[in-house]
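What follows is a short report on a single structure.
The values are calculated or read from the model by the stated rules, or taken from the named source; none is laboratory data. It should be emphasised that the depicted structure is a prediction, and the values quoted were computed from it without experimental measurement. Neighbour counts run over all protein chains shown; Cβ positions are idealised from the backbone, glycine included. Surface accessibility is based on the protein's heavy atoms, side chains included, excluding ligands, DNA and RNA. Shrake-Rupley method; radii C 1.70, N 1.55, O 1.52, S 1.80 Å.
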Amino acid sequence: MISIENLSKVYDSGSLSVTALKEVSFQIDKGEFVAIMGPSGSGKSTLMNLLGCLDLPTTGKYELEGLEIGNLKANQLAEVRNRRIGFVFQSFNLLPRATALENTELPLLYGRVANSTEIAMQALERVGLKHRAKHKPTELSGGEKQRVAIARALVNQPAIILADEPTGNLDSVTGEEIMSLFHELNKQNVTLIIVTHEEEIARQAKRIIKMKDGRITTDQILEETSC
Amino acid sequence: MLILDLFKMALRSLISHKLRTFLTALGIIIGVASVISMISIGEGARQQTLSTISKFGTNIITIKPGQKKSRHVSTGKVDTLMLEDAQLIEKHVPLITGVAAQVYRSAQLKYENKNSNTTVRGTGKSYVSLANFEMAKGRYFNQQEINAAKRVCVLGATVLKNLFEETNPLGKTIKVDGKNFMVIGVTEPKGALSWFDPDDQIFIPVTTAQKRVFGMDHIQSIDVQAANIEDLEIIKEDIAQLLRLQHNIADGKENDFYVQNSSQWLNSWGDAAKTFTYLLGGIAAISLMVGGIGIMNIMLVSVTERTREIGIRKAIGAKKKEILEQFLIESVLISFLGGGVGILLGITISEMVSKIGGWDTIVSSQSIILAFGFSVGIGIFFGFYPANKAANMNPIEALRYE
């Protein structure tokens, strides 16, 4: 479903040019649960931005569900992000003045999907937050905020969910709860890619891609995890 | 995203910053209110001037002597109009209700020990109705008195006050340049225009004025009253033809007289007042402009503050156009709001000016539409740059913004 080939990204700022990603290639199939690991500066955020269609590669090929992303215009990229990709961020990134339901509904509004309120409600139900639908982010706990963010990522039934350090701002118990929610979603055949630097989190995935200095160092499929 | 959703979002963001929204809108409120009230004051002044002028009659045609010319050289003397001209017009020109030939000059009046220097107007019997005068006491002179060139006079209200104060003037004798005249009537005060007091004059028969006071055989102007304003042009043409014939003016030669009507006056006065209105409106429009700059300023702050929100929206699939519209709707809403409140304020101000200041003010629907349209236009114009800045943000950098 995801296929990247010799993907490179060079940041050019005048005299200084930094190669953040060097000829990275891999494939991810539907229903996979992949953790991307690496220290800061290893290029994992850059890879994340490229996979999330927030940025375009300098060279190389990225195919998402057979669609060549490198050729797309800004508006088409926005459409791919809207319909095929769900983002979960470390700092939740919810709109502070909108309720949980409205936050969840937002991608549907941009996608001009009918019955958006009901669909958003179903998504909130999937993450177990139906009873908090009318609350604003300030009235929610960290774990609840991240659940809203996950509901928002799920709501358009995307091809992949990209989670950037999803437990980074949570205590370990809440982090575990979020991880088990991811497991549940993965069982329902949702493709997940998690970027993390925590070994413990990464080990819960089915596949770990480790990166360093813009290259992939290891790409291993884990045995059935202990959780 | 549907425009309705964008509207809701913009409204929510404005409500969450109530004070800021109000202060930003205040610039527009003041701008719109001043445009509307200034134009209403200017328009009121114009209407008042026009109505004052029209008291003197808009259906009056005035004929004045022109210069006699021989071989394209003006001979200088302006004595081309005669009393017979007025009589001919009265006799032959249709659609008119009155003709009044006039001679006038300022003269010394004397009653007992009181002196007054005032305008002495020699006229026909229709002048009093032609010039919209009402009689307060006594009567105006009649045709017999005109034919016999009697020494009778009618006083204007100001003259009455100057010479007689509270005493009854009827039947008394005053001296006009040393000659005795009997007072037979007094006119009602008409109220002064700023440059001229129509009540500061006396009226005597035109024949008396020519023969016994001024010593002239020509006349200085003829006023003709039209029955209907619509007929003014036809009457003017008839008069011109008649006088050309009477004065023996060959084809192709210029008239030795001028025919004008007071609506021409009215027009030029109206134009002057209009310029005044535009000037006031223009000054007010500048404050509207300043209000627009205020909107731009606040929208720029708002865009910077909400960089992260913009990043989130872009990440979940907002297109450039949708971000642009969101912020543009916000700035237009502010100016819309300001425009609405400004209209109410402007109307209130102009009503207060008319009640407290005693000026006539007229709030025209055009000025409301103009001010409102202008303010919404300003919302779009000054909101565009900040909105465009938001729409062009890089989502990765925007998401990283702290």
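Yes or no: region B:326-339 includes at least one residue that is within 30 Å of A:GLN157 (Cβ to Cβ) and surrounded by fewer than 22 Cβ atoms within 10 Å (Cβ to Cβ).
no
Among the residues of region A:34-56, write down those that are assigned to a loop (DSSP other than H, G, I, E, B), more than 14 Å from chain B (Cβ to nearest Cβ) and at negative phi.
Across region A:34-56, the qualifying residues are A:PRO39, A:SER42.
Could you look through region B:205-245, keep only residues that are under 27 Å from B:ALA148 (Cα atoms), outside any strand (DSSP E or B) and charged (D, E, K, R), and pick out the one that is most open to solvent (accessible area, probe 1.4 Å)?
Only one residue tops the list, namely B:LYS211.
Mind checking which pairs have a first residue in region B:150-172 that is closer than 17 Å to B:GLY191 by Cβ and a second that is among the basic types (Lys, Arg) and assigned to a loop (DSSP other than H, G, I, E, B), Cβ under 9 Å, 6 or more apart or different chains?
Here the result reads B:GLY156/B:LYS190; B:ALA157/B:LYS190, each pair linking region B:150-172 to a residue that is among the basic types (Lys, Arg) and assigned to a loop (DSSP other than H, G, I, E, B).
For region B:246-259, what are the residues that are open to solvent by 90 Å² or more (accessible area, probe 1.4 Å) and under 25 Å from B:ILE60 (Cα atoms)?
At the first step, the residues of region B:246-259 found to be open to solvent by 90 Å² or more (accessible area, probe 1.4 Å) are B:248, B:251, B:253-254, B:258.
Passing the criteria: B:GLU254, B:TYR258.
Any residue at all in region B:306-320 that is out of contact with any Lys or Arg (no Cβ under 7 Å at 6 or more places or on another chain), under 28 Å from A:ASN75 (Cβ atoms), more than 13 Å from every other protein chain (Cβ to nearest Cβ) and open to solvent by 10 Å² or more (accessible area, probe 1.4 Å)?
No, region B:306-320 contains no residue that is out of contact with any Lys or Arg (no Cβ under 7 Å at 6 or more places or on another chain), under 28 Å from A:ASN75 (Cβ atoms), more than 13 Å from every other protein chain (Cβ to nearest Cβ) and open to solvent by 10 Å² or more (accessible area, probe 1.4 Å).
Might you let me know whether region B:106-129 holds any residue that is within 17 Å of B:MET216 (Cβ to Cβ), surrounded by fewer than 17 Cβ atoms within 10 Å (Cβ to Cβ) and either modelled with pLDDT under 90 or hydroxyl-bearing (Ser, Thr, Tyr) (or both)?
yes
Restricting attention to region A:55-78, which residues are open to solvent by less than 20 Å² (accessible area, probe 1.4 Å) and under 16 Å from A:ALA20 (Cβ atoms)? Even if it seems obvious, please write down each step before you answer.
Going residue by residue through region A:55-78, those that are open to solvent by less than 20 Å² (accessible area, probe 1.4 Å) are A:62, A:64, A:69, A:77-78.
Within region A:55-78, just A:TYR62 meets the criteria.
Got a number for residues in region A:57-78 being part of a loop (DSSP other than H, G, I, E, B) and farther than 15 Å from A:SER25 by Cα?
Going through region A:57-78, the residues part of a loop (DSSP other than H, G, I, E, B) turn out to be A:57-58, A:65-66, A:72-73.
When the remaining residues are screened for being farther than 15 Å from A:SER25 by Cα, the result is A:65-66, A:72-73.
Residues that pass the stated criteria total 4.
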